[in-house]
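Each reported figure results from applying straightforward, stated rules to the coordinates on display, with no laboratory input. These numbers come from a predicted model, not from an experiment. Glycine also receives a Cβ, built like all others from the backbone with ideal geometry; neighbour counts cover every protein chain displayed.
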Amino acid sequence: MTGFSEDYREPLRKERTSMFNVAVITGISLLAILFRVYVSRFVPYLQYLELPLLVTVYFSLMWRSPIAGLLFGAAIGLAQDSLSHHELGMFGIVKTLVGYFAASVSLRVDVGNPLLRLVLGFFFFFFHQLLYWVLARALLGEALDFEVTQVLVLATLNAIVAVFLYQLLDRLKITG
Amino acid sequence: MEFFLSRYRNLSVLVAAILAQLVLLAYQVRTHGDVRLIRVWAVGAVTPMAKVIETGRSGASHFFSDYFVLLGVRDENKRMKAELDRVKMENQYLRTELSTADRASSLAIFQKSSPSKTVAAHIIANGNDVATKEVFIDRGSNSGIAPGMAVITPDGIAGKVTRVFSAYAQVLLVTDANFAAGVISQNNRVHGTFKGQGYEGAGKIEHVQNEQKIDQGEWFYTSGDDRIFPKGLPVGEVTTVRQGKAEKEIYITLSGFRNGLEEVLIVVEGVHAPIPDAPLTDQAVHLLAPPPPDAAGGAPVLQPLQTGPATTDADRVKERYRKFGEQNNHVYGERSNGAPNYNAPVKPEAKPEKP
């Protein structure tokens, strides 16, 4: 990265960076995790809705800061790990990378576009599932199945939900 | 170095975060340990919210059903459901006893022996992982719950406690792919290992050789071998059984989830029970009266099977070996003195002196 590009990018990034109240960020994160562990009890199909991932992608895109994105992803991932029976760090590592890459993408594109959000939601869900599968096999030796068709369908559904969810979350931005 | 870190600050933080989590992961895998602090924080942050929402949901649900829909019936329904569960447990126990002994004695055994001590718990949340079948219950170490305790319903086994917090506990359900329990078949007493399949309602029995006999429709019960589930709890009914490469492929439907899974019992002190025999048919079967007890009370004396004269070659060889054994003070089946010389001529037996 050259000095010119840094100088060129910095004002643009600051101009577009969105701010959120800390209570909103904490509340949204907890609700996303709670949704996974509670609502899926009554509607089992909703367990395939990866709200913690969608929230991680959203805040990383909006903050446009790779460091903030990866730290947020790590926190959400570790919280998810804590509520599962396997070792801490699996979701943590995956969501750290998702947060980092989402924030890196946001430095180059207009993340307010719904179509682009749809594509990003689809891509990051697929990336998340694939990376988790790779890590589970490589680090823990777990023989998990990776059904491409199922993951693609779920990625599409999650991406559609992401578009509407992100519009809702846009209203929680601090303006002014 | 400073230049590198400032120039690649984002990348440096990413590598540090990934490395830190890899070290954390490696530590847990290597030591089979747990980073309890992080789990306690996460569970402490999420489960109280889940409990509040669940309380609100069930409260609102009860309010509407109690006051607007079925005034008074709800309480009766709850009471009857509790009564039904209790009767089911009693019935299960009685069936077990009645099938192995006569009615009077099993009733006496039932009256004397106490069933497993259990603690009732309510499921408040699912686990996080889609691939994992686990739930959180609203009982923890404060209620005497410990990791490894069995979780059951009146219909059968439901899971086992994996992690315990002060007011909550994590339960791995029998449907999880990592769940295993020692089981035994009802008719043929074949031992095996029950494994979850990762989806609702079904499981697989492993480590049963092709030569062993399992019938379709046969029931599997806990064997008590795993030291988690008391012996004699129903696990499920065989739906499919076929020959495999080395072991039989046996699939069962689980009995523990028949009526949903909202409230469970945690076995705090387990009591083993015998496996019930196969269900009795309606056809009457004549049985002899039981043999009278030995008057002397000593060890039974073994009598030779052949009491008459030797008629076949086999009888004659057997008689010859018996005489060798007597003359050489050798007891067949014991290796202390070594085998006698079977080729030596048999000494003639001393004839009784005439008076």
Arrange the following residues from fewest to most other Cβ atoms within 10 Å of their Cβ: B:M89, A:M19, B:M149.
A:M19, B:M89, B:M149
B:T253-B:N91 pseudo-label distance in nm [points 7 Å out on the Cα-to-Cβ vector]:
1.7
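Could you work out the relative contact order of segment A:32-95, using alpha carbon pairs under 8 angstrom and six or more residues apart, expressed as a whole percent?
About 23 percent, as a whole number.
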Check B:G236: other-chain or 5+ apart residues with amide H under 5 Å from its amide H, H built from backbone geometry?
B:F220, B:S255
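What is the gain in length, in nm to one decimal, between B:Y321 and B:R227 on full extension, counting 0.36 nm per residue of separation less the C-alpha to C-alpha distance?
Taking B:Y321 through B:R227 to full extension adds about 29.1 nm, to one decimal.
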Violations at 30 Å Cα threshold for listed pairs B:K78/B:K204; A:K95/B:K204; B:K248/B:K318; B:K88/B:K248; B:K160/B:K248; B:K117/B:K213 -> B:K78/B:K204; A:K95/B:K204; B:K248/B:K318; B:K88/B:K248; B:K117/B:K213
For segment A:77-100 and segment B:34-66, distance of Cα centres in Å:
21
For B:S141 and B:F64, extending 7 Å from Cα along the Cα-Cβ vector and measuring point to point gives, in nm, a value of 4.0
Among GluC sites (Glu not before Pro) in segment A:69-176, those in a DSSP loop whose Cβ has at most 14 other Cβ atoms within 10 Å are A:E147
Testing the spin-label approximation: label points 7 Å from Cα along Cα→Cβ at A:L131 and B:A120. State their distance in nm.
4.6
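Please work out the FRET efficiency for the pair B:E269 and B:T312, using the Cβ-Cβ distance as r and a Förster radius of 60 Å; give the result to the nearest 0.05.
0.50
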Whole-Hz ³J(HN,Hα) from phi, Karplus 6.51 cos²θ - 1.76 cosθ + 1.60, for segment B:119-125, glycine and proline x:
10, 7, 9, 10, 7, 10, 7
Any idea what angle helix A:22-34 forms with the longest principal axis of chain A, computed on alpha-carbon atoms, 0 to 90 degrees, nearest 10?
20
From the phi angles alone, apply the Karplus equation (6.51, -1.76, 1.60; θ = phi - 60°) to segment A:133-139 and give each ³J(HN,Hα) in whole Hz, x where the residue is Gly or Pro.
4, 4, 5, 5, 6, 6, 8
In chain A, taking the dipole from +1 charges on Lys and Arg beta carbons and -1 charges on Asp and Glu beta carbons about the Cα centre, the listed residue (A:G89, A:Y45, A:V24) farthest towards the positive end is A:V24
Against the longest alpha carbon principal axis of chain A, how many degrees, from 0 to 90 and to the nearest 10, is the axis of helix A:148-170 turned?
40
